[in-house]
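The values are calculated or read from the model by the stated rules, or taken from the named source; none is laboratory data. Just so it is clear, the model here is predicted, and its values are computed rather than measured. Here the Cβ is made from the backbone with ideal geometry for all residues, glycine too, and neighbour counts use every protein chain on show.
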Amino acid sequence: MFAVLKTGGKQYKVQAGDVLRVEKLAADAGEKIQFNEVLMLGGDKTVVGAPLVDGAAVQADVIDQIKGEKLIKFVKRRRKHSSKRTVGHRQKLTLVRVTDILSTGADKSGVKAAIGAGSVSGSAVEAAAPAKKAPAKKAAPKAAAPAAEVADDLKKLSGVGPALEKKLLEAGVTTFAQIAAWGEAEIAEFDEKLSFKGRIEREGWVEQAKELAK
């Protein structure tokens, strides 16, 4: 029996015993996790999801947190004040071994869901863990919610429109101060993760953000 699962924006065809390198997950070595986004099941009977197969999941053991091969990025700006920059990047990955493929009952397995670690908050990781039954308690009066942090208008950056602003907000980037603090490693990481194709350096976002954050 095999399954086609989706994680980190990629699809993998797996069988029990397969070892995979997937984009970094919020899990420690030795933990058991469950991929709930199953697109297809195959074997004696093929089941294709619409888009997901209801109740299906792939369970795996986390072997280790590793890094991929080093990639070299060379940027050259051919302008009056030309510049060159070489940046190295190694993608963070998680090594997992597939242990079981469930065709039904994924929601009752009690295994922690596999969640990407790119911009996941601690509360989201806790929410993905198996639910623990607790004694019923009377609901306490709701306290007033704290005022939400006001996000900057990132569209003030050169070349940033509504679509790019949405990508940045989803990645947890909400203020000019965050962008102003980026170094070469952060620039390379966001450039690859959000497919900006060198836009950050080309448009000079960091310098603009420093001025806008004042």
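General observations
- Residue within segment 72-89 that is touching a residue at least 24 places away in the same chain (Cβ under 8 Å), surrounded by 15 or more Cβ atoms within 10 Å (Cβ to Cβ), of a type outside the set (A, V, I, L, M, F, W, C) and touching a His at 6+ places or on another chain (Cβ under 7 Å) present: yes
- Of the criteria (1) surrounded by fewer than 18 Cβ atoms within 10 Å (Cβ to Cβ); (2) under 28 Å from Ala171 (Cβ atoms); (3) touching a residue at least 40 places away in the same chain (Cβ under 8 Å), which one Thr94 fails: (1)
- Residue that is nearest to Phe176 (Cα to Cα) [pool: residues in segment 192-214 that are of a type outside the set (D, E, K, R) and not in a helix (DSSP H, G or I)]: Ala213
- Failed item in (1) modelled with pLDDT of 90 or more; (2) in a strand (DSSP E or B); (3) exposed (fewer than 11 other Cβ atoms within 10 Å of the Cβ), with Gly30 passing the rest: (2)
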